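Student: Quick one: this structure, given as structure tokens, is what I'll be asking you about.
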Amino acid sequence: MPSDSVLRIVWIYPDLLSTYGDQGNVLVLEQRARRRGIDTETIHVRSSDPVPESGDVYLIGGGEDRPQILAAQRLRKDGGLHRAIAGGASMLAVCAGYQIMGSTFGGEEGQPVDGIGLLDIASTRGPARAVGELVAEVDAALGLPTLTGFENHMGVTRLGPGVRPLSRTVKGTGNGDGYEGCYAGHVVGTYLHGPALARNPALADLLLAWRVGQLAPLDDSRYEALRQERLATVLAD
Ligand code: GLN
């Protein structure tokens, strides 16, 4: 991103995928960029509109089964997201949005539905709904602190060789194979709600840094105290 321009945050399909306060991820990104003097512009892309290719960071949230299927169909047809990611944009995809990024996911009757093929993952309906707090240790290559959040999904996700697990599950279900989420290039997929970036500001900074380069440190001591309190409570449970 050129230093004199604005960081464009693109929130995909708020009319279809916007459960559990995932839109809070937009606010966290805006705030963390602005606190460093980076101007931001946020674009809300409804599912009837084309996905702009000029965004810097793309966000997509969780949702119910039917809107999830509709979102996958429209994103595939649109193609803008693929072009933006191929052009170097970063992205956080949460829960239903995460599943959509793969080759396939389970529909409302468990039927296989085509995803958009941005990540080398495949999801199906699991044996039981995964609900509750999630704690996971992040891949050392990313250098991020422990992830916290909550999950609520039926799907389980198998990772292919084209992605790396984002983290190893300490508490909760995540992908269903001992790992939580995945990443490839500048795209992160996760089952974490919370919103994920409010609970894990370092993950927000990773998405920003991938796009704008090194970031000035922020005083996060207030949030860190809350994070530690939450982690201690969940791990003691
Ligand atoms: N419908 C998907 C599932 O149950 C995603 C749910 C969600 O986004 N919370 O796996």
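Student: When you go through (1) crowded, with 20+ Cβ neighbours inside 10 Å; (2) within 12 Å of Ile12 (Cα to Cα) one by one for His44, which number turns out not to apply?
Tutor: Answer for His44: the failing condition is (1).
Student: Find the residue count for region 23-61, including only residues that are closer than 23 Å to Ala86 by Cα, small (Gly, Ala, Ser) and within 16 Å of the ligand (Cβ to nearest atom).
Tutor: Counting residues in region 23-61 that are closer than 23 Å to Ala86 by Cα, small (Gly, Ala, Ser) and within 16 Å of the ligand (Cβ to nearest atom) gives 2.
Student: From the list Arg158, Arg199, Arg211, exactly one residue is over 26 Å from Arg125 (Cα atoms) and within 16 Å of the ligand (Cβ to nearest atom). Which is it?
Tutor: Arg199
Student: Report those helices (runs of 4 or more DSSP H) wholly inside region 9-119 carrying at least 1 residues which are over 28 Å from Val212 (Cβ atoms).
Tutor: The helices (runs of 4 or more DSSP H) meeting that bar are 65-78, 96-100.
Student: Please enumerate the residues belonging to region 120-135 that are within 15 Å of the ligand (Cβ to nearest atom) and either surrounded by fewer than 19 Cβ atoms within 10 Å (Cβ to Cβ) or not in a strand (DSSP E or B) (or both).
Tutor: Ala122, Thr124, Gly126, Pro127, Ala128, Arg129, Val131, Gly132, Glu133 - these are the residues of region 120-135 that are within 15 Å of the ligand (Cβ to nearest atom) and either surrounded by fewer than 19 Cβ atoms within 10 Å (Cβ to Cβ) or not in a strand (DSSP E or B) (or both).
To keep it simple, each residue is scored yes or no on (1) open to solvent by less than 10 Å² (accessible area, probe 1.4 Å); (2) in contact (Cβ under 8 Å) with a residue 12 or more places away in the chain; (3) more than 21 Å from Ile12 (Cα to Cα); (4) touching a strand residue (DSSP E or B) at 6+ places or on another chain (Cβ under 6 Å).
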site: Gly87; (1), (2), (3), (4): no, yes, no, no
site: Ser90; (1), (2), (3), (4): yes, yes, no, yes
site: Met101; (1), (2), (3), (4): yes, yes, no, yes
site: Pro112; (1), (2), (3), (4): no, yes, yes, yes
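The values are calculated or read from the model by the stated rules, or taken from the named source; none is laboratory data. As the structure is a computational prediction, the values presented were derived from the model and not from experiment. Note that we place each Cβ from the backbone using ideal geometry, even for glycine, and neighbour counts take in every protein chain shown. Accessible surface is based on the protein model in full, side chains and every heavy atom, while ligands, DNA and RNA are left aside. Shrake-Rupley method; radii C 1.70, N 1.55, O 1.52, S 1.80 Å.
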